[in-house]
Structure formats: C-alpha cells, structure tokens
1. Determine, yes or no, whether I60 is modelled with pLDDT under 95, open to solvent by 10 Å² or more (accessible area, probe 1.4 Å) and within 16 Å of the ligand (Cβ to nearest atom).
2. Can you tell me which residue in the range 70-110 is nearest to V321 (Cα to Cα), limited to those that are polar (S, T, N, Q) and in a helix (DSSP H, G or I)?
3. Looking at the range 79-110 only, could you name the residues that are more than 14 Å from the ligand (Cβ to nearest atom), aliphatic (A, V, I, L, M) and within 24 Å of T253 (Cβ to Cβ)?
4. Would you point out the residue of the range 1-45, among those that are at pLDDT 85 or above and not in a helix (DSSP H, G or I), that is farthest from A292 (Cα to Cα)?
5. Looking at this structure, is V139 open to solvent by less than 30 Å² (accessible area, probe 1.4 Å), β-branched (V, I, T) and under 27 Å from I8 (Cβ atoms)?
6. Return yes when A85 is modelled with pLDDT under 95, touching a Lys or Arg at 6+ places or on another chain (Cβ under 8 Å) and small (G, A, S) and no when it is not.
7. Looking at the structure I just gave you, is M239 within 19 Å of the chain's Cα centre (by Cα), under 24 Å from I115 (Cα atoms) and assigned to a helix (DSSP H, G or I)?
Amino acid sequence: MAEKRKSIHGIWSGRLAFILAATGSAVGLGNIWKFPYIAGENGGGAFVLVYLLCIAVIGIPIMMAEVMLGRRGRRSPVNTMHALAAEAGASRHWHWLGWAGMLAGFLILSYYSVIAGWALAYIFRSAGGVFTGATAEGVSAIFDRLVGDPERLISWHTLFMVMTMLVVARGVRSGLEQAVRYLVPALFVLLLILDGYALASGAFNQGLAFLFTPDFSKISANGVLIAMGHAFFTLSLGMGAIMVYGSYLPDRTSIARTSVTIALLDTLVALLAGMAIFPIVFVNGLDPGEGAGLIFKTLPIAFGHMPGGALFGTLFFVLLVFAAWTSSISLIEPAVAWLVENRGMTRVQASVLAGVITWLVGMLTVFSFNSWADFHPLFFVPHFEQATVFDLLDYLTANVMLPLGGLAIALFSVWIMQRNDSVEELDMGDGAAYRLWHFLVRYVTPVAVIIVFLNVTRLVDFGSLLGLAE
Ligand code: TRP
C-alpha cells in the first residue's frame, strides 16, 4: 500500500463536517433557482424523472468516484490527478482534468455570483415590505427593474464576491462549515412553510401533476442533456469541487454512505422548491417556461399574501443567499488550493486573485440581462438562436463541461486506477455494493454521457449551417 498522503490545507474535523460542507456545496441556487426554471422550460414531469434517474445512476456513483480520487490525492485537483496518474503509471495529461475543472469553476461562479446578487437584493425588497399585497404584474415589474439596471447588478455581484472571498481566505475549517449545520435545516423549514402556502393555493394538484406526471412528448434530446447536466450541477460534480473537498476528508469515513446522504438531501430540497413554486405559477396564470426569473417572479407573490410574509420572505432570501454562499466557496476552492500549492501564495492572496478574475468575468452575465439582452451570439445555430451570453455560459458549463469532466473522472477511476486502489480507498469491501459502483462507473456513466451527447449533436443541422455560410 502506498503511504497515505496528507493535505497541507488541513482536514475536516470529521464525517459530519464533511457532510455539512459537501451538502452546503450541493444545496444552492441550483436547487431553488435553477431546478424549477429548467424543469418549467422543459415540460415538467418527464424532465424531472430523467433528472432523478441521472442523480441515482450517474450522480451518486460519480460523487463517490470524485471524493475517492480527492482523498487519495490529498491535493488540489490538478496535483491530485498528477499524483494519481503517476501512481497508476498513466499519462501525465490527466492533470488537464484539473485545469478544465478550474476553468469551469471560474465560469460557473462568474454567473452564480450575479444570480446570488439578485437574492441579496430581494432580502432588502422583502424586508422593506415591497411585496406586501403585490400582484403578479407588480412582482414581475420589480424583477425587471432590478435586472434591467447594470449598476445595481454590479453592486450586488460585488458584494457577493467579497463575501465569498472572505470565507475562502479564512480556510477550510473555520467559517461556513459550521453555519451549514443550522442553515440547511432552516431552509427546509421555510420551504415547508412555502409548500403549506402552495397547498392552500388551490393549484397544488396542478403543480404536482406538472412536476410528477411524465409526458415524454414534452422532452427533447436537448432536454435530456439539460437534465443530466443539472444532475452534475446540483451535486457539484465534474469540476473538482467535490474532489477538493474529498481531499480534506479523514481516512476512515465511509464515502458511499456520505455520498448517498448528500444526494438525498439535495434532491429533497429541489423537489420541495418545485412543489412550492409551480402551484403559485399556475394559480397566478404565469408561464412555467418563464426562464431564469421564475422564482423571483413567483415566490414574492406568496410572501406578499401570507400572514407574516415580509418576515418569511426576508428570512427565505437570507437563507437562499447562505445556500449560495456555501456553494460558491466550493467553486473557487480548487483554484485557490492550486495557487497555494504551486504558486506559493497565501490563502488571502490566492482568494483575492481568483475573486477579481471571477468578478470580471461576471460582467458577461450582468450585461446579458440589459445592455446585451438582444445580443444572441449563436443566432445562426438552431436551438441557440435566442440564447444570451449568460444562457451560453450556463449551457457550456453545466451541460458540456461538467458531464465531460464527470466522464473523465469515471474513466480514470475504473479504467486507469488500479482496482485494488479503489477497493482500498472506498473501503467498503469487494462485495455487491462495490461491484455495483464499479459497474455503474465503468459502463453506465460513460455510455449514458456519450449517448446523450450524440443525440444532441444530431440536433444541430450542420448542413443548414453550411448553407447559411454560403
Ligand atoms: N451545486 C451548487 C448548486 O446546486 C452549485 C455548485 C457548487 C457547483 N459547486 C459546484 C456546480 C461545482 C458545479 C460544480 O447551487
């Protein structure tokens, strides 16, 4: 057995700390902001079913693989892949996986921070009583005014990036790890209150039917890719975030049990959010395919009409910001860990550098909602004619980079790494559970990712593209 490596960045205090941190990373805007709006845009039930399937057969096994690689490497993803490839006698090019993940992390955080800024703004809107008694039109107008103003978006985005860098600069053990212990349960409670409101709204069944009755005529090949991409996104997989968290995991912790727990919690939050939002959508005659503004145009209506709504609304957006906060730190941690390891920076220097870069890239998203709202860079590509820069960034990262990262993680874990090494690191024996994992990661994940990609590329009619170029 190779001598156990140690992380220079410290280690979690135990299994619970890791569960809290990884759950904090997983539960975020993806569950509450993104899941409902992409489910709405892709027809509901069938999309949700594909998403759940992807969580079970791709998400959980890949999470185990990613944690396993991280714990065995005990360094930033770039250096972990370097070390593990050397250990397996494989090409040193595997460290590109770490680089691609760092790039994906920057790109995701750049827009994630802007959206988290919306949630920050909504804390103050709620607290000020702006939503009390507001109509659906009134709430939509408030949202449009916010995103139509680049200066406001930049201010909130700046505040959120500063918050993120402050925590990242402080290191692994202090700070938010502790906060998750209270925040995730509190978020649950507020979602349940919102579900109670939805239950009384008169359209609860319609909302449930939308979310849970699969109608496969409503989902496209592209919709399947979006569902799969979201399974990676919501569990924070495919870019090294969970790998770097795994690198701080104590040796004896069960990777399998931990991964299943995190995936279940994460899925529950998303479903609770969906069940709160769609009844409100239907009872107010809104469009489920409304897009990225969906929760910001629906939930305030509920808060505006329930007793104590201003308080609950404020609390809800505070919790949403915290959920986003505990996610954003994991998006930048791989880059920060690498800067500390390879560039000799302190955590503070590394955080500032990474934060400034991300903040700048965030401008692409800021302007996508106002000055550049009518700029559609891929107007000549079917399915993307209407996409803004933000839409493309989101699509490229969540639906292309993360699944490809996941594919590479899968291939490395079972085709490159020695079987003995994964048995040892997963530490659950060599029985049925291990074999199921091995089978899923060896065959099911790669085949699923490849099939979904091939189906989507078929969508793009290259002939007509060439025709257009003539
Ligand atoms: N999972 C988070 C969410 O659902 C977002 C996130 C954090 C993420 N770290 C990640 C997504 C790493 C992809 C990769 O909001």
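1. Judged against the criteria, I60 is not a match.
2. S110
3. Matches in the range 79-110: M81, A83, L84, A88.
4. The extreme case among them is V27.
5. No: the conditions fail for V139.
6. Judged against the criteria, A85 is not a match.
7. no
The values are calculated or read from the model by the stated rules, or taken from the named source; none is laboratory data. All of these numbers come straight from a predicted model, not from anything done at the bench. Note: ideal-geometry Cβ built from the backbone for every residue, glycine included; neighbour counts use all protein chains shown. When the accessible area is computed, the model is the full protein with side chains, heavy atoms only, and any ligands, DNA or RNA have been set aside. Shrake-Rupley method; radii C 1.70, N 1.55, O 1.52, S 1.80 Å.
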